[in-house]
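Right, one structure below, let's go through it.
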Amino acid sequence: MPDSAKMSKNGMLTTIHTRIRSDPFTANYELVGRELGRGKFAVVKKCIEKATGKPCAAKFLRKRRKGEDCRMDILNEISVLESAKANPYVVALHEVYETNNEIILVLECAAGGEIFNQCVADNDDAFTENDVIRLAKQILNGVAFLHRNNVVHLDLKPQNILLTCARPLGDIRIVDFGLSRRMDKITEVREILGTPEYVAPEILNYEPISTATDMWSIGVLTYVMLTGESPFLGEVKQETFLNISQVNVDYSQDTFEGISSPAVDFIKSLLVKNPRKRATAEDCLNHPWLNSLPHPHSHPHLHTRSSLDEPETSQSESEPESPVPSPEMDLIGSYLACPSQGGLKAGRDAFSFSEPPFPTRPEIKQELIC
Ligand SMILES: Nc1ncnc2c1ncn2[C@@H]1O[C@H](COP(=O)(O)OP(=O)(O)OP(=O)(O)O)[C@@H](O)[C@H]1O
C-alpha cells in the first residue's frame, strides 16, 4: 500500500511511493555478520536477500523516540531517498518494512564503511590528495543533485559518507537523510540540526538555512579528508561554536604541508561566513582543484597510496538533469542552536540541546528534533 501524507511546514516531505511491507522482514532477508553501524535511533545491520543472495544494509529505525511518534521523520527520510534514486552517489533504497515498533529500510550495502575511518587513519589507509579529489567530485555530484531537487542534507560529515569498498578505494555513497529537508515549500524551520564540528555559522546565528549550509559542511569535510584534522574542533562544544562563528581556521603551511594550493583555495571558497558568498556545489564542480592534473605529492598524513591506477567511475555526465528549478533558498527558516550534551566525539553525533550556546531570539520557540 502506498503511504502518503502532507508536506509538513518545516520542510519534511512525507509523501512516499515505496510500498511499506508488513510481512516479516526475516522471511525475505537473513541477518549476517556484525552491525554495520548505529546512530541515535537506528541500528544498521548487514543482511542477505534470500531470493537473490544480494547483500544489503537494513536500517532499523525506532518509531517512538523520547516518547514521541517519529514515523513522519522516517517517511521524510524515505521520501528524500526516493527523490534521489537517480543519483549513483546517494545510497539506494530497495524496500521498506514496518513492524509495531520499527520501520526497516533495506538499503544498498556500502561495504567499505565510513570515510571517517580513512580521515583519521595515520597510515597507508589514509587518503592521498588525488583520492580526495576523486571522492570530493562524487560527493559534490550527489549534493548538487540533491540541491537541484531542493533538498538539503544538513548532516554531511565523514560518518555519513560511505564507501562501496575501502581497498581498493571504491566510490562514495551519501547516507543518513534523517535531518534532510525540502527547501521549496518550507515556511519555517525551528529545529536544531547538524553535528557540532560541521554546522555552519548561520545555524549558530539563527539565520536562514539554505543549500549553502551543506556547502559549509563540505568545506569542513574536505579539510578533514586532506589534513586529518577537524578545523573547528575545540576542547568543548562552546569553543567549537566560537571557532565556527569566528571562522577561526588554521591554513598554516604546517597543517597543509604537501597539499596543493588549489586545494586550500577550494576549502577557503566554502568556509565563508556569509552563505551568499559561499561556493555552490556547481561552482565547486568547476573549481580548478577538481579539474587539475593528478598531484605528484601528498601530505605526510596522507602517505603515498595513489588512486590513479584505479578505474574512474561514472561522473556527472551520466546523471540526468533534474527538471526542478532552483528555488529561492535564502528565507527558509531559523535554527535554534543549543549547548552541549557532553564531550565531543570527533563529530560522530548530530546534536540537539536543551539550552542555547548563544543568546536566543526570544520570539523563536524552541522545538527539538526528536
Ligand atoms: N547503506 C549502508 N551500508 C553500510 N553501512 C551503513 C549504511 N547505512 C548506514 N551505515 C552505517 O550505519 C551508521 C549509522 O547510519 P545512519 O547515519 O544512517 O543512522 P542514524 O541513526 O540516522 O544516524 P545519526 O544518529 O547520526 O542520525 C553509518 O554511519 C554507517 O556507519
Yes or no: the range 27-43 includes at least one residue that is at pLDDT 90 or above, in contact with a Cys (Cβ under 9 Å, 6 or more places away or on another chain), under 13 Å from Leu107 (Cβ atoms) and not small (Gly, Ala, Ser). yes
Given the structure, is Ala281 over 20 Å from the mean Cα position of the chain (by Cα) and buried (at least 18 other Cβ atoms within 10 Å of the Cβ)? no
Might you check whether a residue that is buried (at least 17 other Cβ atoms within 10 Å of the Cβ), in contact with a Gly (Cβ under 8 Å, 6 or more places away or on another chain), among the hydroxyl-bearing types (Ser, Thr, Tyr) and farther than 26 Å from Thr128 by Cα occurs anywhere in the range 200-212? no
The conditions are (1) surrounded by fewer than 21 Cβ atoms within 10 Å (Cβ to Cβ); (2) over 23 Å from His147 (Cα atoms); (3) of a type outside the set (Phe, Trp, Tyr), and Asn274 fails exactly one of them. Which is it? (2)
Go through (1) part of a strand (DSSP E or B); (2) of a type outside the set (Asp, Glu); (3) farther than 20 Å from Gly39 by Cβ one by one and return the number of the condition Leu162 breaks. (3)
Is it the case, given these coordinates, that Ala126 is outside the structural domain of Phe25 (by the TED database), outside any helix (DSSP H, G or I), among the small types (Gly, Ala, Ser) and within 16 Å of the ligand (Cβ to nearest atom)? no
Helices (runs of 4 or more DSSP H) lying entirely in the range 171-267 (those with 1 or more residues that are polar (S, T, N, Q)): 211-227, 237-245
Asn150 versus (1) within 24 Å of Thr280 (Cα to Cα); (2) within 10 Å of the ligand (Cβ to nearest atom); (3) modelled with pLDDT under 95: which is the lone unmet condition? (2)
Report yes if some residue within the range 263-276 is in contact (Cβ under 8 Å) with a residue 60 or more places away in the chain and basic (Lys, Arg); otherwise report no. yes
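The values are calculated or read from the model by the stated rules, or taken from the named source; none is laboratory data. All values derive from a computational prediction rather than experimental measurement. Neighbour counts run over all protein chains shown; Cβ positions are idealised from the backbone, glycine included.
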